[in-house]
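Report on the structure given below.
The values are calculated or read from the model by the stated rules, or taken from the named source; none is laboratory data. Not measured: the values here are computed from a predicted model. Backbone-built Cβ (ideal geometry, glycine too); neighbour counts: all protein chains shown.
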Amino acid sequence: MLLGSVALLAQGYTNPVIPGFHPDPSVCRVGDDYYLVTSSFEYFPGVPIFHSKDLIHWTQIGHCLTRDSQLYLEKTGASGGIYAPTIRYHDGVFYMITTNVSSKGNFLVYTTDPAGEWSEPVWLKQGGIDPSLYFEDGKCYMVSNPRSAIYLCEINPQTGEQLTESKILWTGIGGRNVEAPHIYKKDGWYYLMCAEGGTEYGHMETIARSRNIYGPYDSNPANPILTNFRRGAESNPVQGTGHADLVEATDGSWWMVCLAFRPLDGQHYLMGRETFLLPVRWDTNAWPVVNGNGIVNINMNVPTLPQQPTPTPSYSTDFNETTLGFEWNYLRNPRRDNYSLTARKGFLRLKATTVKLDDVDTPTFVGRRQQHINFVAGTTVRLRDASQGDEAGLTVLMNNHSHYDIFVEKGHGSTYRVVLRYRLGELTHIEREIEVPNGNIYLQVTGSRRTYAFAYSTDGKTYQPLGQINTKYLSTETAGGFTGIYLGLYAVAADDGSKAYADFDSFTYEPKAEPERRGRR
């Protein structure tokens, strides 16, 4: 998957640099190559990893957690699973440390090839979430946030053995949920940077420093160094900035990656927390200054590294490959025999099971992130060997209790129908049902700031509208959680005796330009 800014400015770039649900970014540099990881929660494979030459244009090169033995997600609830990862490089080895909040807690994996397979998990004793690593003088230190504070210990990264007792370093500046700690050393100072305020509108980034890694740490008098929750950013289309990581570029400049979200309809946001990039001025013996004023903007008219744009990404697929692209994910650990790209060339075949999208389980589902405010997505599906009540189609999914579905269902006798259904918390509503012939059915969803509009076609040319519904019912503010919208293909059986399967001929996803908006009053 190729990702990058939508449009380059004269000397700058456009945020977010990785759009769509890609929260909790962490970055490291190896030579003139940059690597970045983000959270994945209940989705499999886990922890997507990206590569860049300029910090602006990113290409996904794989995932860190690709095997069931690395990533246990059985019965993991919405927004459970894998929390914030950190990526670091030391002495020829890449390390990724993270937390599986639904399993055994903190662990790390390692590799010499970040685009290849990573090790089995090395489990760690110190608790909390958002763990990070710091290497110095042959020692490996771990920081995390047990007991609402930042703690440090020394570990053996190959075995997970904790070599020293955990020691408290800092409690932040008073914001709630002090988390996401990272340690950097510059000019003889150890800098400890953290997120505070919760991953909401009051999110912020703070920093302290000490001459000794074990402290005491003195807070920056200018904290927070990053937040859009301040005067001057009230109308900014970017909010919730925080959970950041710093990297020194090849030319000696410093940069920050952070998460933030883009509210769409009022204060509601859909695509989860995304990855943003900011320049940092860090003078000798001074505190880092982020983007001059600590505010994240969409249009970043700043000097950059020499830019190396990647090819324009293709967001669609005809399923002619033998494997799905890195942008596709499953819900929890997949039952792999329910998916095939080889049973019929040019089709994705999904075997229906009785596990529903509503269930905290493993439905036959594969999806990709919504990455644009305005888009048109569609698929062509044919339901085969179906019994009454079997279904297959396209879902706009925030989580198991918040999703909109357009699908083909086997009716009574030889009848079929296309159905539009909404699941909103405890409520399920059938908006519309239309009888259709047995054959290929084209399903479509058009996304905008305020609505998802659904339509179907029997010939792929003329589409009939089925209905539309406000986006805010799927937003984070309504549905809760830490993830973002997925556009998914799925198949569900009415009972265990069903032999139904669905052949999907293609999946299309076309970003659309944002309509011109009037100024905010």
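So which of Val381, Val376, Val408 is of a type in the set (A, V, I, L, M) and either within 19 Å of the chain's Cα centre (by Cα) or surrounded by fewer than 21 Cβ atoms within 10 Å (Cβ to Cβ) (or both)?
Values: Val381 fails: either within 19 Å of the chain's Cα centre (by Cα) or surrounded by fewer than 21 Cβ atoms within 10 Å (Cβ to Cβ) (or both); Val408 fails: either within 19 Å of the chain's Cα centre (by Cα) or surrounded by fewer than 21 Cβ atoms within 10 Å (Cβ to Cβ) (or both).
Among Val381, Val376, Val408, only Val376 is of a type in the set (A, V, I, L, M) and either within 19 Å of the chain's Cα centre (by Cα) or surrounded by fewer than 21 Cβ atoms within 10 Å (Cβ to Cβ) (or both).
Rundown of residues vs (1) closer than 28 Å to Arg384 by Cα; (2) of a type outside the set (Val, Ile, Thr), yes/no style:
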residue	(1), (2)
Gly413	yes, yes
Val418	yes, no
Gly425	no, yes
Ile430	yes, no
Gly439	yes, yes
Phe454	yes, yes
Ser457	yes, yes
Phe504	yes, yes
Thr508	yes, no
Seminar exercise, completed: Residue set Ala286, Ala343; condition modelled with pLDDT under 95 and of a type in the set (Gly, Ala, Ser); output residue Ala343
Problem set entry | Of all residues making up segment 318-332, the number that are surrounded by fewer than 19 Cβ atoms within 10 Å (Cβ to Cβ) and assigned to a strand (DSSP E or B) | 0
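Can you name the residue in segment 437-456 that is farther than 24 Å from Ile485 by Cα and surrounded by 14 or more Cβ atoms within 10 Å (Cβ to Cβ) and, of all such residues, is modelled with the lowest pLDDT? Talk me through it step by step, then tell me what you get.
So the first thing to find is which residues in segment 437-456 are farther than 24 Å from Ile485 by Cα, and the list is 437-440.
Narrowing further to those that are surrounded by 14 or more Cβ atoms within 10 Å (Cβ to Cβ): 438, 440.
Working: Asn438: 93, Asn440: 96.
Residue satisfying both the conditions and the ranking: Asn438.
Residues that are at pLDDT 95 or above and closer than 19 Å to Asp68 by Cβ: find the strands (runs of 3 or more DSSP E) completely inside segment 78-177 holding 1 or more of those.
Numbers: elements: 82-90, 93-100, 105-111, 132-136, 139-144, 150-155, 167-170.
The strands (runs of 3 or more DSSP E) meeting that bar are 82-90, 93-100, 105-111.
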For this session: Check segment 295-316 and report whether any residue there is within 30 Å of Ser210 (Cα to Cα) and out of contact with any Gly (no Cβ under 8 Å at 6 or more places or on another chain).
Result: yes
Seminar exercise, completed: (1) at positive phi; (2) at pLDDT 95 or above; (3) not aromatic (Phe, Trp, Tyr) all hold for Ile434 apart from (1)
Problem set entry | Candidates Asn220, Asn236 - the one that is of a type in the set (S, T, N, Q) and at pLDDT 95 or above | Asn220
Seminar exercise, completed: Residue pairs qualifying under the 8 Å Cβ cut-off, at least six apart or on distinct chains, with the first in segment 274-299 being more than 19 Å from Tyr184 (Cβ to Cβ) and free of Cβ contacts under 8 Å to residues at least 40 places away in the same chain and the second being assigned to a strand (DSSP E or B) and among the charged types (D, E, K, R), are Gly292/Arg281
For this session: Please find, within segment 160-195, the residue that is farthest from Asn228 (Cα to Cα) out of those that are touching a strand residue (DSSP E or B) at 6+ places or on another chain (Cβ under 7 Å) and among the hydroxyl-bearing types (Ser, Thr, Tyr).
Result: Thr164
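Kindly evaluate Val355 against the criterion of being part of a loop (DSSP other than H, G, I, E, B) and at pLDDT 95 or above.
Numbers: part of a loop (DSSP other than H, G, I, E, B): yes; at pLDDT 95 or above: yes.
Answer is yes for this residue.
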Exercise. Can you name the number of the only condition in (1) touching a residue at least 12 places away in the same chain (Cβ under 8 Å); (2) out of contact with any Lys or Arg (no Cβ under 8 Å at 6 or more places or on another chain); (3) surrounded by fewer than 21 Cβ atoms within 10 Å (Cβ to Cβ); (4) not aromatic (Phe, Trp, Tyr) that Ser119 fails?
Worked result: (1)
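Does Pro313 meet the test of being surrounded by 13 or more Cβ atoms within 10 Å (Cβ to Cβ), within 22 Å of Val37 (Cα to Cα), within 19 Å of the chain's Cα centre (by Cα) and not aromatic (Phe, Trp, Tyr)?
Numbers: surrounded by 13 or more Cβ atoms within 10 Å (Cβ to Cβ): yes; within 22 Å of Val37 (Cα to Cα): yes; within 19 Å of the chain's Cα centre (by Cα): yes; not aromatic (Phe, Trp, Tyr): yes.
Taking the combined requirement at face value, the residue satisfies it.
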Exercise. Which members of segment 222-271 meet the condition of being touching a residue at least 40 places away in the same chain (Cβ under 8 Å), among the acidic types (Asp, Glu) and more than 20 Å from Ala180 (Cβ to Cβ)?
Worked result: Asp251, Asp265
For this session: Hey, can you tell me all the residues within segment 122-139 that are of a type outside the set (D, E, K, R), crowded, with 16+ Cβ neighbours inside 10 Å and in contact with a Ser or Thr (Cβ under 8 Å, 6 or more places away or on another chain)?
Result: Val122, Gln126, Gly128, Ile129, Pro131, Ser132, Leu133
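Quick check on my filter: what residues within segment 228-246 are assigned to a loop (DSSP other than H, G, I, E, B) and either among the aliphatic types (A, V, I, L, M) or at positive phi (or both)? Write out each step before concluding.
Going through segment 228-246, the residues assigned to a loop (DSSP other than H, G, I, E, B) turn out to be 228-238.
Selection gives Gly232, Ala233, Val238.
Which of the following residues is in contact with a Pro (Cβ under 6 Å, 6 or more places away or on another chain) and either over 16 Å from Phe507 (Cβ atoms) or of a type in the set (A, V, I, L, M, F, W, C) (or both): Phe375, Phe407?
Phe375
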For this session: Kindly list, by first and then second residue, each pair from a residue in segment 311-338 that is touching a residue at least 60 places away in the same chain (Cβ under 8 Å) and more than 15 Å from Gly46 (Cβ to Cβ) to a residue that is surrounded by fewer than 17 Cβ atoms within 10 Å (Cβ to Cβ) and acidic (Asp, Glu), limited to pairs with Cβ atoms under 9 Å and residues at least 6 apart or on different chains.
Result: Tyr315/Glu510; Ser316/Glu510
For this session: For residues that are in contact (Cβ under 8 Å) with a residue 40 or more places away in the chain and aromatic (Phe, Trp, Tyr), scanning just segment 339-380, find the one that is nearest to Thr446 (Cα to Cα).
Result: Phe375
Exercise. Is it fair to say Val355 is farther than 23 Å from Pro48 by Cβ and not charged (D, E, K, R)?
Worked result: yes
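Tell me which residues, restricted to segment 247-264, are out of contact with any Lys or Arg (no Cβ under 6 Å at 6 or more places or on another chain), part of a strand (DSSP E or B) and crowded, with 17+ Cβ neighbours inside 10 Å.
Restricting attention to segment 247-264, the residues satisfying the condition of being out of contact with any Lys or Arg (no Cβ under 6 Å at 6 or more places or on another chain) are 248-258, 260, 262-263.
Subset that is part of a strand (DSSP E or B): 248, 254-258, 260.
Hits for segment 247-264 are Trp254, Trp255, Met256, Val257, Cys258, Ala260.
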